[in-house]
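Have a look at the structure below, then the notes.
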Amino acid sequence: MEDFNCYLPVKVIFGNGKLSELGHYAKNYGSKAFLAIDPYMDKIGLGDKVVDLLKKSSIETFKYSNIEPNPVCFMVDKAAKIAKEEGVEVVIGIGGGSTLDFAKGVAIITTNPGKSWDYTERTDHEIHRPNDKTLPILTIPTTAGTGSEVTLYSVLNNPTIKEKSTIFSDKIFPKVTIVDPELMYSMPPRLTALTGIDALSHAIESYININANLYSSMLAIESIKLVAQYLPAAVANGKNKEAREKMAWASTLAGMAISHVGTVLPHALGQPVSGLCDAPHGGTIACCLTRVIEFSFTADFNRFANIAEAIDSSAIKSLSLREKAAKSAELVQRLLKDVNSEVTFGDFGLREDDIDKVTNIALKAYYMDINNNPKLVTKEDIQKLYKECL
């Protein structure tokens, strides 16, 4: 049996109606909270509900909802300035991945020097590291996809240079996350599909990552099974209680997996396009996931065959190991079709003239994802994959 380490310092509270317990956990970290909430969720009344919940636990709340998809680093800095002026002691994020990542950025910059972009992992600047004064974070996801509720990542967008980059630090692991599937019922089909594909990609990418271990693989393969079985049902009927619950758990499992080993080539390709074209993260992953699997499967027949098995064991019964591994790409593409998410980079505005630019961004800001892919990747490979997915 192989040696491995696992570390997930996040208390996960899972279940329908568990949002009601927020005050019980939040009061352990301070008496004044900065509440970062998705503007739509605030509009439909969730923000006021949360403020009332926290008030019952004697927690004063500063509510902030000026948060956009692909959270902007400069807005994080402005919000952190407000949080510092307000003297908040804990940061709470409620929303999709963008809101949770925003909250993590605020938790850093409120008590750390510099700007949020200084903390992103890139080869073109000296990377700042958050210190122990980083504010405690509590998260409540309202989408099933990013897994940000249990990760040590915060992905921020810099619109000045049209690039996205990631903060990577165990200081931004949430202290507590409340995964309440009831909060996900309002997701429309398109958002359900694209966030679900993001969760699937997290699971697949962590499973094929060269650093995968017994623990991360266990989480990942279970997440793949759940997404394959329940994502189409959640897209078809957002009120399907079982499908929502299973997708919420699949997203959390995949987030746990990437927290241990990270992502690989699909994220390295998708994130630069998301930053350049202001495209939805899950959408850019859907553009290239199948093609990357086709490119990479020969590096590890066993692992890719296991992915195919997890998606649909009946489809691969009579196949050889190599054929099973190759089948994984076809089965992923079938799932994309089932949830109406067969998209291309061109659909989101990428042009052939942009390929050199996004390739260079990938090499600069997502080099770890590239290095951890099971099949070695050259700059020419990246350019070719972009063209094939255009």
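FYI, it's all coordinate maths here, none of it is from the lab. Just so we're clear, the structure is a prediction, and the values are computed from it rather than from any experiment. So basically every Cβ, Gly included, is an ideal-geometry build from the backbone, and we count neighbours across all protein chains shown.
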The extension gain from D170 to T123, computed as 0.36 nm times the residue separation minus the Cα-Cα distance, is 14.9 nm
Region 92-251: antiparallel bridges as % of DSSP beta bridges, rounded to 5, reads 55 percent
For region 189-388 the mean separation of alpha carbon contacts under 8 Å (6+ apart) over residue count, i.e. relative contact order in percent, is 27 percent
Computed about the Cα centre, the charge dipole of the chain from +1 Lys/Arg and -1 Asp/Glu charges at the Cβ has a magnitude in debye, to the nearest 20, of 540 debye
Expected unfolding gain across T160-E352 under the 0.36 nm per residue rule, minus the alpha-carbon gap, is 67.0 nm
Note: N240 to N211 extended length (0.36 nm per residue) minus current alpha-carbon separation gives 6.9 nm
Note on region 95-148: alpha-carbon gyration tensor, axes a ≥ b ≥ c; rule is a/c under 1.5 for rounded, else prolate if a/b larger than b/c, else oblate; result oblate
At R0 = 25 Å the Cβ-Cβ FRET efficiency linking S31 and Y185, nearest 0.05, sits at 0.20
Quick calc, K78 & D52: beta-carbon distance into FRET formula, R0 35 Å, rounding 0.05, result 0.85
Over all directions, region 299-390 yields a Cα convex hull whose mean projected area in nm² is 6.9 nm²
Note on region 11-184, DSSP bridge orientation, antiparallel percent to nearest 5 equals 25 percent
Among L385, I224, H24, the residue whose Cα sits farthest towards the positive end of the charge dipole of the chain, when +1 is placed on the Cβ of each Lys and Arg and -1 on the Cβ of each Asp and Glu, is H24
Output ordering of 309-317, 242-250, 59-67 (per-residue mean of other Cβ within 10 Å, highest first) is 242-250, 59-67, 309-317
Among V76, S58, L156, the residue whose Cα sits farthest towards the positive end of the charge dipole of region 11-184, when +1 is placed on the Cβ of each Lys and Arg and -1 on the Cβ of each Asp and Glu, is S58
In degrees rounded to 10, the 0-90 angle between helix 46-56 Cα long axis and the longest Cα principal axis of the chain is 50 degrees
Both in Å, the radius of gyration and Dmax of the C-alpha trace of region 50-134 are 13.5, 47
Sorted largest first, the C-alpha extents of region 11-184 along its principal axes in whole angstrom are 45, 30, 27
By the mean-Cβ-within-10 Å protection proxy, highest first, 111-117, 163-169 rank as 163-169, 111-117
Rounded to the nearest 5, the percent of DSSP beta bridges in the chain running antiparallel is 25 percent
Restricting to lysines and to Cα separations under 30 Å from K317, and discarding same-chain partners fewer than 8 apart, the set is K225, K246, K327, K337, K375
Ordering 259-271, 353-365 by per-residue average of other C-beta atoms within 10 angstrom, highest first, gives 259-271, 353-365
The relative contact order of region 11-184, taking Cα pairs under 8 Å that sit 6 or more residues apart, comes to a percentage of 27 percent
For region 189-388, shape from the Cα gyration tensor axes a ≥ b ≥ c, cut at a/c of 1.5 then a/b versus b/c, turns out oblate
Neighbour-count ranking for H281, H202 (other C-beta within 10 angstrom, fewest to most) reads H281, H202
Among K81/K133; K27/K115; K11/K104; K18/K78; K11/K171; K104/K175, the pairs whose Cα-Cα distance exceeds 20 Å are K27/K115; K18/K78
